[in-house]
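J.: Could you have a look at this structure, given as structure tokens, before my questions?
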Amino acid sequence: MALLQPSFNGALLDKDDDDDSAGSYKCTNAAVAKMMRLWNYKDGSGLGAQGQGIIVPIQPAVRRRRRAGIGHRDKPYDNGLQVAPPLSPVEDDLDECREWEAVVGALRLERECHEKTLTLLREMKLHGDSSVETADALAAIVKSGEVLQGKRALGAWKAALPPSTVRYIVDKVLSPRLAVEAQQWRPSWDPECDDWLRPWIPLIGHLPESLYDVVESKISSAGHDIVRPWKDYFDPAHWELFARRHVLPELTRLMRELRMTPPKQTDSSLHMAMLWAPLLHAEDVLSILEETEFFDKWESALRHWLQSAKPSYGEAVAWCTGWKKLFTPELLADEHVLARLDAGAAMVDQETQDLDSLLGYSW
């Protein structure tokens, strides 16, 4: 590395060690500052012939949290509970945005339905369908496109169509096609039904009743990702029937097979059950929790762990908190559920006697 040449002018300016200008150099004393100025160093630049050195000092990557006491740990306990990270206040404020995105998605689906219906009717005309009903339906669909041009309320497009047009398209055009496609549908390939059903929902409202048996036979033993969309695709009465036949038994099975294994939960049955829970009424899920004695088993496992292994207060609270966060908001709104979970927290307070109890953890 080339050496910097001393500056004669700099030497004249800084001949006095007590010169105030030397004090302008940070993180050094007057003598060192004077020497650096003699070698043409400029305040605020980096060291080196080209000034390529770093300017900001390297900061330590890890610091202990202020006022952290004995037993403090920044790393969370690995208790095996699959819990999503808590929402920040900013994310909480996004709920309204998510609702708006859902509306925008539904409006976009209406436009897609209009385009597919228009294409289908035109293809029918090209293939020789000269019926008056098809011609009238095509004209109505073309005219309804005007509704899609500006701002509109959800459902305004279908409302702009004559009822006779909707009946003709649903009963005579779409239902026969859907019957064939339902037979050919493979849930694992198209779980959201994007290829055959979902685009028509704005027009047909829900799956035609004649196809319920076919669809039920295909999804009755399917997983959550395949069953979930059908809460919207079935009409409410048929979904209620399907849920009682298939979803409730699955949820009951998961809760009966659940095993609590503190300090690290290896059984994910409750996590899976809470995925199914939003598809059911909250009171039905609560009945299953009572029927399978979930809270009794949970308190028993917690008590045995506290008395035999004597975990730290922080670890015990983290375990209880992990279970609580698995529950859906609808279940946590129930006073009985909160009372049983709070009973577990009270048990931790009573059983743990180590130093962590002095730190005042709360959950």
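Every number here is computed from the coordinates shown, using simple stated rules; none is lab data. Every value quoted in this text rests on a predicted model; they were computed, and no experiment measured them. Cβ: placed from backbone, ideal geometry, glycine included. Neighbour counts: every protein chain shown.
J.: So, counting K/R as plus one and D/E as minus one, what does the shell of residues with Cβ under 10 Å around residue 206 add up to? Display every interim value, and only then the final one.
T.: Values: positive: none; negative: 209, 232, 235.
Residues close to residue 206 contribute a combined charge of -3.
J.: Oh, and also: Quick one: what are the phi-derived ³J(HN,Hα) couplings along the stretch 127-133, Karplus 6.51/-1.76/1.60 with θ = phi - 60°, whole Hz, x for glycine and proline?
T.: Per-residue couplings from phi come out as 8, x, 7, 10, 5, 5, 4 Hz.
J.: Now a separate question. Grab the other residues whose beta carbon is less than 12 angstrom from that of residue 51, score K and R as +1, D and E as -1, and report the net.
T.: Details: positive: 42; negative: 43.
Result for the local shell: 0.
J.: A further question follows. Label-point separation (nm) for residue 290 and residue 97, each offset 7 Å from Cα along Cα-to-Cβ?
T.: Here the modelled spin labels are 4.1 nm apart.
J.: Now for a different question. How about residue 324: which lysines have a C-alpha closer than 18 Å to its C-alpha, ignoring those fewer than 8 places off in the same chain?
T.: Correct list for residue 324: 264, 297.
J.: Tally Lys and Arg at +1 and Asp and Glu at -1 over the other residues with C-beta under 13 Å from the C-beta of residue 164: what net charge comes out?
T.: Working: positive: 167, 172; negative: 133, 136, 171.
Counting the neighbours of residue 164, the net charge comes to -1.
J.: While we're on this one: For the stretch 78-237, rounded, prolate or oblate, judged on the Cα gyration tensor with a ≥ b ≥ c (square roots of eigenvalues), a/c < 1.5 rounded, else prolate if a/b > b/c?
T.: Values: a/c = 2.91, a/b = 1.47, b/c = 1.97.
Note, shape of the stretch 78-237 comes out oblate.
J.: Hey, another quick one. Whole-Hz Karplus ³J(HN,Hα) for the stretch 99-113, in order, using 6.51 cos²θ - 1.76 cosθ + 1.60 and θ = phi - 60°, x for Gly and Pro?
T.: 4, 5, 4, 5, 5, 4, x, 5, 5, 5, 5, 4, 5, 5, 5
J.: Separate question: Could you go through the stretch 159-167 in sequence order and give the Karplus-derived ³J(HN,Hα) for each residue, using 6.51 cos²θ - 1.76 cosθ + 1.60 with θ = phi - 60°, rounded to whole Hz, and x for Gly and Pro?
T.: Per-residue couplings from phi come out as 5, 7, 8, x, x, 5, 5, 4, 4 Hz.
J.: Something else: Label the stretch 198-316 by shape, choosing from rounded, prolate and oblate, from the square roots a ≥ b ≥ c of the eigenvalues of the Cα gyration tensor; if a/c is under 1.5 it is rounded, and otherwise prolate applies when a/b is larger than b/c, oblate when it is not.
T.: On the way: a/c = 3.39, a/b = 2.90, b/c = 1.17.
Cα axes put the stretch 198-316 in the prolate bin.
J.: How would you order 166-175, 125-134 from highest to lowest mean count of nearby Cβ atoms within 10 Å?
T.: Put in order of decreasing packing, that is 166-175, 125-134.
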